[in-house]
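Here's the structure, in structure tokens; my notes come after.
Throughout, read-outs are computed from the coordinates displayed, never taken from laboratory work. Just so it is clear, the structure is predicted and the values come from calculations on it, not from any experiment. Please note: Cβ atoms are built from the backbone with ideal geometry, for glycine as well, and neighbour counts cover all protein chains shown.
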Amino acid sequence: MINNDLEVEIIATFGLAYLLFYIADVELTVSGVLAVAVVGLYMAKHKYCISSHVQLPITSTWRIMIYFIKILIFIITGIILAEFLVGTQTHITGRDFGFSIVLYIFLHLARLLAVACLYPFMHWSGIYFSWKEYLVLTWSGLRSSMAVILALIIKSESHIDEITRNRFLFHICMIVLFTLTINGTSSKFVVRLLGLNQGTPESETILLQALEHMRIQTSNQLNKMKQEKQFSDVDWNILNEYLPEKLVQEMDASRKTSIHRRLSAIPNTTGPRNSSVVQPQSFPNNIHEINSSSDNPVTHEDFLFPVFDFQPEDTKRYENMRNEMSIRFLTALLVDYEKQWYLGMIRRRTLYILIKSVEKARHQCSIKIHWDSIIEQCRLSFLLQTFLQFDSIDWIKKQLNKFLFDHIFLMIELVLAFHSTRDRMNNIRIQFPELANIDEQVWKELSREISSYQQIAAYTLLDLQQSYPICVGEFK
Amino acid sequence: MIITDNHTTDSHDVEHHSTGTVILFLSFAVLAACICKLFLSQVLKNKFPVPFTVVVLILGFIIGIIISHIDLIDNNFLEGERQLKDIDPHLLFYIFLPLLIFDAAFNSHFHIIQKQIFSGLLLSAGLGVFIGAPIIALCAIYIFPYDWSWLEGLMFGSILSTTDPVAIVALLHESGASKSLAALIELESLLNDGSTFVIFLIFKDIIVSGSNSAKKIIVDIVKFTLGEYYCI
């Protein structure tokens, strides 16, 4: 209906938020806030109801809007706070500041208690956090614009006596200030102190490899640029300031991690490898390209080098590594599917099915689940099967044919989308040989698994292709 | 969907009164906030770790203090500030809140949140509000020498039960650790806003209208919670 219409789609979301709030709050007299929250969540679930070209603009529009609103709210609050602190100095004394601090401490005790009460329930519902994470959860109770707005509403109620109103506003503003400054700024240190800012050793390893890859690519590019004439005037020192090497150092400094040090520990072998590095291929954008690129033999093992000495017999580590790799690969697939939708190769409905299946698989770290759920989708639904029994009635048969065609169409899209996974894998290998190098065995096993699924997918496609004329003949 | 278009007014347009002095003040304030932001990022290189909202709040506070010490009458700028000071908070509420809430929900990572929805509900609607608010109320009633009644204390507690995930969620996302924890905090604050607001409204209505009959309270709670559960 509305497709790639930038203005209409963005403005419609704003209008929707207001209209919904009005309907729920005034017409239905239920909580408008809740209604808006629920519809917002629903739209977040069906994120792709926004057309592909509007996805990015809509995010930035909303971000700027919210930023602007926050500036306005806090400026107005600041002015009102100043006015009544100057105007009503008699009500607020130094003692009240002390009470604010007491209140701040109580606030955290209350939150700690709530989290402690929650613990058995969370355990029961199958979410396991460590005590460190519970501590962060306790520390993260920041009060912000919502509390300020509510305090302002109280301020405007003339039924409550003035001293109480002013005390409400004063204490709430103090708490907002305290939590935003103390908790907001210290949360960084708390997270770092508890060591939550680091992933599992496996994901760290992969991150390190990615950075290493980036460094090699950058230095290659630099070397090439230095040889070219039009770059002769470039001040390379200034350029270095903006290169990943420097950025990693800055990130380390800000997050107090040691990624750069560990990265430097990896032998820098860029020099001799310059000659043998292949140009990174861009990821093929459509199926035809994918098919042609899959013929490229993968023979870059000569310049792969083992960076870490892994012990394959360490099964737990192996398991973790495998899970980590699977998750990363599935994430890559997710991006691919989105790209295919963006290019118009698959429909929105197919994208939803694929994304749901990938999310499920990612949760359980297994590619098998992804393929299984695709297969599950290919089965005829119960309704269609029952209708098949009555195909002697003309009208039903006509409808049935429509559904069956639709189903075949969906099946082709699903299998075709999945079909590109092996090429994705090979592409990763060509572009990013370090990843495959982290653990040769895991990589081999994963690629074997994917190859077998791709084989099945290819057969399925072939099957569909051959049986399609028969189907068409049957339906006619 | 197209019909709703004419409902969308620029959210800052509505509060401008007949005189344009508020615009003068607001434009100045927003530009000043931008300069603050520039100062924080360029001069201090983000080393000074105060959230931007706090800086803006303090900026507004300083402007307010300065202006209250100047007694010029014939000044558009001061006039704008005075008008803004008397703005109806309900207006703020109806203009800004739907957008704030919708944004929080719409830009959440649904697939991560989905698994947390049960504990998020527990943390916010159940325990956060029903444990957090009474404790703060107790503190306010028995420690503060203000002689607040139970209703006032509970209203105070309910206001302070709202949470905002600003700093921590961004931090957790960027450090790449514990996505589920970040999702839980995000979801908690999202649901919290709704349930807290319901409770706040109930107490406010009772205090303002003076009717504290048990029947009305129960009817209100049932009505609001029904709406809540229907929605979820």
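Side notes on the structure shown:
- Average other protein chain Cβ within 10 Å of Cβ, residues A:55-64: 1
- Ranked packing of A:173-181, B:154-162, most packed first, by mean Cβ within 10 Å: B:154-162, A:173-181
- Stretch gain in nm, segment A:Glu440-A:Tyr119, where the contour uses 0.36 nm per residue and the Cα spacing is subtracted: 111.5 nm
- Exercise: per-residue mean of other protein chain Cβ atoms within 10 Å, B:131-141: 5
- Each of A:Trp131, A:Trp62 was scored by other Cβ atoms within 10 Å of its Cβ. Listed from fewest to most, they are A:Trp131, A:Trp62.
- Peptides A:12-25, A:211-224, A:133-146 ordered by average Cβ neighbours within 10 Å, highest first: A:133-146, A:12-25, A:211-224
- In terms of surrounding Cβ atoms within a 10 Å radius of their Cβ, A:Val148, A:Val415 rank from fewest to most as A:Val415, A:Val148.
- Listed values for segment A:453-466 are Karplus-derived 3J(HN,Hα) couplings in whole Hz (6.51 cos²θ - 1.76 cosθ + 1.60, θ = phi - 60°), namely 5, 5, 4, 4, 4, 4, 4, 4, 4, 4, 4, 4, 4, 6, and x replaces Gly and Pro.
- Shielding of peptide B:60-70 by partners, expressed as the average count of other chain Cβ atoms within 10 Å per residue Cβ, is 6.
- Entries of A:Lys45/A:Lys398; A:Lys155/B:Lys204; A:Lys132/A:Lys188; A:Lys356/A:Lys444; A:Lys339/A:Lys360 with Cα pairs more than 23 Å apart: A:Lys45/A:Lys398; A:Lys356/A:Lys444
- In nm, spacing of pseudo-spin labels at B:Ile23 and A:Ser451 (7 Å Cα→C-beta vector): 7.0 nm
- Relative packing of A:452-461, A:72-81, which averages over residues the other C-beta atoms within 10 Å, highest first: A:72-81, A:452-461
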